[in-house]
1. State yes or no: is Ile87 exposed (fewer than 12 other Cβ atoms within 10 Å of the Cβ) and either touching a residue at least 40 places away in the same chain (Cβ under 8 Å) or assigned to a loop (DSSP other than H, G, I, E, B) (or both)?
2. Go through segment 133-151 and count every residue that is surrounded by 15 or more Cβ atoms within 10 Å (Cβ to Cβ) and either in contact with a Gly (Cβ under 9 Å, 6 or more places away or on another chain) or over 22 Å from Pro228 (Cβ atoms) (or both).
3. I'd like the residue in segment 198-221 that is outside any loop (DSSP other than H, G, I, E, B) and in contact (Cβ under 8 Å) with a residue 40 or more places away in the chain and, out of all such residues, is most open to solvent (accessible area, probe 1.4 Å).
4. Anything in segment 156-174 that is within 14 Å of Asp205 (Cβ to Cβ) and either open to solvent by 20 Å² or more (accessible area, probe 1.4 Å) or touching a Phe, Trp or Tyr at 6+ places or on another chain (Cβ under 6 Å) (or both)? List them, or say none.
5. I'm trying to understand the selection: among the residues of segment 16-53, which are hydrophobic (A, V, I, L, M, F, W, C), under 17 Å from Arg301 (Cβ atoms) and out of contact with any helix residue (DSSP H, G or I) (no Cβ under 7 Å at 6 or more places or on another chain)?
6. How many residues does segment 90-107 hold that are under 27 Å from Glu150 (Cα atoms) and surrounded by fewer than 22 Cβ atoms within 10 Å (Cβ to Cβ)?
7. Whether any residue in segment 194-207 is modelled with pLDDT under 95 and within 13 Å of the chain's Cα centre (by Cα) is what I want to check.
Amino acid sequence: MRAFREEDPTAKIPAFPGYAKELEALRRAGRFRKRRLYPETLIDFASNDYLGLAQKREQLHQAVGLLDEYESHGPKASMLVNGTHPIHRQMEEELAAANGFEAGLMVGSGFLANLSLMEALVRKRDRLFIDEEYHASGMMATGLLGERVEIFRHNDPEDLRRRLRRATGGRKIVAVEGVYSMGGDLLEREIFRVAEEAGALLIVDEAHSAGVLGETLLGIFEHYGIHPGPAHVKMGTLGKAYGSYGAYILASKEIVSYLENRAKPIIYSTAPSVVDTALALVNFRLLRKRAVRYRRRLEARRKIVTEELGLEMGSQILPLPVKSNRQALELQGDLMVEGFLVGAIRQPTVEQPILRIIPRLGSSKKALRRLLRRIKESG
């Protein structure tokens, strides 16, 4: 038996190398980021809170009142153990019914929802076809799939059609976004047809289109007049337009059941926040009642952008290209001095840096005009 040997206190312990060099490289490239608490006095044109619901105090009070009907207000466990709450079920049923899907499934975040869909639905002989500008959560999920992935040119139906025709073997699964989060461009309608022709399952990430597009603001399916079928999956967030946090998946009963049995981020995560789901539920109900009014207000702000900058907006995202990362940060700083907050988006989120402006309902039309005129003056 080996005797315990005390370590020599004079022995040199190698220092952990740390990440200082990597951080310095990011600073030099103008790509360094950090969290900030922005002054509430700034006029917010940076947030994805498209309808301004995240700052409506009366909605928060309604959500708290809704929670008072139940003994618990926390998820307590995973969805498959004892974490599914009646509020979760109400949200799932109302979202599915409004959007024309058979079933719904609450998920902790949009990131987890994308991981769940791609990790679970793309099996060994299947092939995933994903738009090159799909959200980072989907792109990260592709790393789990190896050679089962093909990336097609952004919003290009013909490139997708060619790739689908060459594919052999198991299922074909296509992943796209209703509105692309940085460019603000809408999904090409033809992609719905291409996926249908190929017999492919179509996953549509509606994080930035639900609550913004369509006659009653249900999103890209409604915008194009497409009734969901068994080969459609809609993923969306409770953040963005719905003013809360969390996500949902809408699909056939079969696919929802399959995800409950195979999607690890759903099976092994604590259930979504009940408080956040309650807030999203009261916000969703408000939007269903006042959709026409909200749609007109969104359209009015897009019209202001056209009047001031001569740019047509299909969504509520306005990307303005700038020459460099440094210029993006400088322009953002200059606008903050004047009381405005906009996004300065740099690599690797985008290929070329942009100012990302959201003409949201939580900030006034008068302030939007002032911001756009200031940007126009700056060249």
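1. no
2. Going through segment 133-151 one residue at a time, the tally reaches 11.
3. Leu201
4. Of everything in segment 156-174, just one residue is within 14 Å of Asp205 (Cβ to Cβ) and either open to solvent by 20 Å² or more (accessible area, probe 1.4 Å) or touching a Phe, Trp or Tyr at 6+ places or on another chain (Cβ under 6 Å) (or both), namely Val174.
5. Ala46 - this is the single residue of segment 16-53 that is hydrophobic (A, V, I, L, M, F, W, C), under 17 Å from Arg301 (Cβ atoms) and out of contact with any helix residue (DSSP H, G or I) (no Cβ under 7 Å at 6 or more places or on another chain).
6. The total comes to 0.
7. Taking every residue of segment 194-207 in turn, none turns out to be modelled with pLDDT under 95 and within 13 Å of the chain's Cα centre (by Cα).
Table: residues versus (1) more than 26 Å from the chain's Cα centre (by Cα); (2) loosely packed, with under 11 Cβ neighbours inside 10 Å; (3) modelled with pLDDT under 90; (4) among the aromatic types (Phe, Trp, Tyr).
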{"residue": "Pro17", "(1), (2), (3), (4)": "yes, yes, yes, no"}
{"residue": "Glu22", "(1), (2), (3), (4)": "yes, yes, no, no"}
{"residue": "Arg36", "(1), (2), (3), (4)": "no, yes, yes, no"}
{"residue": "Leu42", "(1), (2), (3), (4)": "no, no, no, no"}
{"residue": "Gly52", "(1), (2), (3), (4)": "no, no, no, no"}
{"residue": "Ala63", "(1), (2), (3), (4)": "no, no, no, no"}
{"residue": "Glu69", "(1), (2), (3), (4)": "yes, yes, no, no"}
{"residue": "His73", "(1), (2), (3), (4)": "no, no, no, no"}
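The values are calculated or read from the model by the stated rules, or taken from the named source; none is laboratory data. Computed from a predicted model, the values in this text were never measured in an experiment. Methodologically, a virtual Cβ is constructed for each residue, glycine included, from the backbone with ideal geometry; neighbour enumeration extends over all protein chains shown. Keep in mind that these areas ignore ligands, DNA and RNA; they rest on the heavy atoms of the full protein, side chains included. Shrake-Rupley method; radii C 1.70, N 1.55, O 1.52, S 1.80 Å.
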